[in-house]
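Rule-based calculations on the coordinates, nothing more; no lab input. These numbers come from a predicted model, not from an experiment. Here the Cβ positions follow ideal geometry from the backbone for every residue, glycine too, while neighbour counts run over all protein chains shown.
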Amino acid sequence: MTNRRLNFTLRFVVVALLLTVAVVLVNAVLGSMAPLRLDLTEDGLYTVSPAAKRILTGLQVPVQVKYYITESSGLPPELQNLERDVSDKLSEFAVISGGKLSFSVVDPSKDDELAEKIAAKNIRPFQVQTIDRDAMGIKLVYSAIEISYLDKDPELLPQILPQSLATLEYDLCTAVTRLTRDIDPVVAIFASRPRMDPQMVQLYMQMGQAPPEPPEVYSLIGQVLQSQAYDVRPVQITADSPIPEEATTLVVLAPKTLEQRQLYEINRFVQRGGRLVLATQDYEFNYGPSQQGGFSYTPTPQQSNVAALLDAWGIAVSDAILMDTNTEVLAIPSERNVGGLRLQVQEPVQNPVQIKVTPDQLNDDTSITNGLGSMLYLWGSRLELDEALLEGAGITPEVLFTSSNGAWEADYVPGPLAPMSLLQNPDRMLGAVPLAVLLKGELPNGWADGEIPFWNSTVDSLRVATPVEEFVPVQSAVVVVGCSKMFEDSFLQMVPGNAMLLLNAVDALTLGDDLIEIRAKVTTVRSLRPLGEGARLLIKLVVIGLVPMAVGLFGIYRHLRRRRQEARFLAAQGALQGGR
């Protein structure tokens with residue numbers, strides 16, 4: 001009896017130990033695997049993108065991530081789950097990287113020495129509002145991420161909040177990309193400045209003063225690119241300010257009356273394998289009061305002369321004025337007489353040259369425009385493609401976005417636009433036409449023969465004819481946009497899609513598509529498509545008439561049903577009385 005009890009106890013202990021070991025092993029195996037999730041969002045917002053996986057699996061040297069956060073008991077209720085959510089994402093990234101990315105969670109509020117050390121790195125607690133026992137208060141909490149790689153200065157995400165989770169994948173992969181590349185890519189920017197009114201220039205000259213420098217209207221572009229760790233260098237493309245030899249990408253905005261040598265230098269940059277983003281503007285408009293009320297719109301040609309360069313690449317910018325039924329409303333300052341006082345007010349204006357590009361007009365098959373929101377294509381022109389030339393050069397153009405199907409053109413005539421030209425002209429309808437194009441491949445040489453043009457500033461005595469260079473065919477890429485106004489500072493701030501388009505173009509040409517694919521997950525903006533008159537009428541009929549009609553039909557059905565029931569009851573009652 002005693003032996004049986006001993007054997008039973010021994011077997012129980014052994015089985016319990018084996019089960020414990022098995023549970024520990026299974027937990028260890030499952031813990032090293034990426035967690036399984038069912039992501040039902042259309043764009044896979046909660047699934048690590050293939051681009052992020054390529055970045056993380058491509059790590060050659062370990063990357064350390066430290067998440068500094070106050071203990072959950074010291075956080076307000078809305079931040080209680082933040083540590084768990086961020087740790088889950090970091091754990092998933094660590095598994096995908098194959099152990100090359102490791103992370104730890106630290107509470108600096110418990111270690112004064114650590115708090116001083118990270119404060120020197122600009123990681124400091126920030127204020128959050130709390131409600132405790134019906135009283136509002138302020139707490140200082142930590143929630144920041146530090147990414148370290150070798151002996152480089154660490155990258156910081158200084159404030160992580162619940163809304164930061166949507167961009168954490170992009171922010172982390174961007175930081176890892178910056179740390180792991182050898183040098184920051186060089187992006188050169190050439191941007192024309194607006195010209196002063198000739199009458200104002202003459203007035204300054206008569207006063208014996210030099211005209212002031214026109215203001216910069218493209219300054220924000222450099223700031224946007226610098227925030228992404230690009231080495232941004234403004235250039236004038238002159239003998240004293242040439243395109244840097246180490247530049248990877250050149251951004252040319254609103255080129256006006258470029259001299260031949262400048263065009264040659266841009267072509268030379270592309271023929272050497274450089275990447276080019278070129279946004280040109282053929283017309284700007286002056287808005288003034290109209291005698292019939294409202295505004296008049298006067299186009300002003302901008303004397304852009306990049307046609308010779310673009311012709312060699314199979315692209316032309318239409319010289320007609322582009323209009324579209326898909327438009328944006330702008331607030332235009334105007335003066336009004338109120339009680340004898342002249343007041344300046346902002347008046348909403350909508351006309352067909354204020355073109356709106358909606359997501360359904362974007363090419364979702366290319367990373368540059370995939371996931372972008374709406375954009376303002378202000379006073380832009382359409383692009384024409386020479387299919388035969390491009391096919392002969394072995395280049396397949398990618399149209400990045402188009403106009404709507406309701407686009408048309410009007411010929412340029414000096415003076416304000418005629419009211420009739422603002423209406424759709426059946427004879428000039430275009431349908432969906434290209435507004436921005438990407439060319440990739442061995443682009444044709446615009447200066448295949450002849451001599452290198454002289455700089456206009458070169459004195460005659462130093463002008464020595466030099467044959468043009470012979471270039472070895474190399475792969476290059478060019479993005480051409482028929483509107484540069486959309487990238488001016490005011491419109492970059494007003495329309496986020498405009499800024500994202502330029503940033504995506506530079507990223508794609510300079511770094512590749514990975515970061516753009518990740519960014520597209522967090523920049524998608526859903527917008528309602530404009531409805532036609534037929535659809536609006538149908539919705540009104542459904543909303544106004546469907547409910548009363550349904551109630552009426554139900555009432556008729558109920559009435560007929562009760563009549564049938566009454567007839568059956570009376571028939572049954574008559575039969576019963578007859579049987580008696």
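Ranking LEU10, LEU172, LEU263 by how far each Cα lies toward the positive end of the dipole of the chain (charges on Cβ) leaves LEU10 at the top. Of all lysines in the structure, those lying under 22 Å Cα to Cα from LYS256, and not within fewer than 8 positions of it along the same chain, are LYS485. Scanning residues 5 or more positions from ALA191 or on other chains, those with amide H under 5 Å from its amide H are VAL235, LEU253, with H placed 1.01 Å from N in the peptide plane.
Placing pseudo-labels 7 Å out from each Cα toward the beta carbon at LEU18 and ARG536 gives an inter-label distance of 7.7 nm. Run a plain Debye calculation on the chain (Cα atoms as equal point scatterers, no solvent) and give log10 I(q)/I(0) at q = 0.10, 0.11, 0.12 Å⁻¹, rounded to two decimals, same order as the q list. The computed values of log10 I(q)/I(0) come out as -1.05, -1.18, -1.30. Contact order for region 50-180, expressed relative to its length and based on alpha carbon pairs under 8 Å spaced 6+ residues apart, stands at 30 percent. Dipole magnitude for the chain: computed about the Cα centre from +1 point charges on Lys and Arg Cβ and -1 point charges on Asp and Glu Cβ, it is near 3880 debye. Relative contact order for the chain: 13 percent, from Cα pairs under 8 Å spaced at least 6 residues apart, divided by residue count. Dipole magnitude for region 50-180: computed about the Cα centre from +1 point charges on Lys and Arg Cβ and -1 point charges on Asp and Glu Cβ, it is near 440 debye.
Remark: spin-label model distance ASN456-LYS89 equals 5.1 nm, labels positioned 7 Å along the Cα→Cβ axis. Each of VAL357, ALA388, GLY314 was scored by the projection of its Cα onto the charge dipole of the chain, and the greatest displacement toward the positive side belongs to VAL357; charges sit on the C-beta of Lys, Arg, Asp and Glu.
Which residue, ALA119, ILE138, VAL65, has the largest displacement toward the positive end of the dipole of region 50-180 when charges sit on each Cβ (Lys, Arg +1; Asp, Glu -1)? Sorting the options by dipole projection puts first VAL65.
Here the peptides 301-310, 254-263, 408-417 are ranked by packing, the mean other Cβ count within 10 Å, and the order with the highest first is 254-263, 301-310, 408-417. Where the alpha-carbon atoms of region 83-195 are placed on the principal axes, they occupy 59, 50, 30 Å, in descending order. When the C-alpha to C-alpha distance is required to be over 31 Å, the pairs from LYS440/LYS521; LYS100/LYS521; LYS356/LYS540; LYS110/LYS521; LYS53/LYS152 that qualify are LYS110/LYS521.
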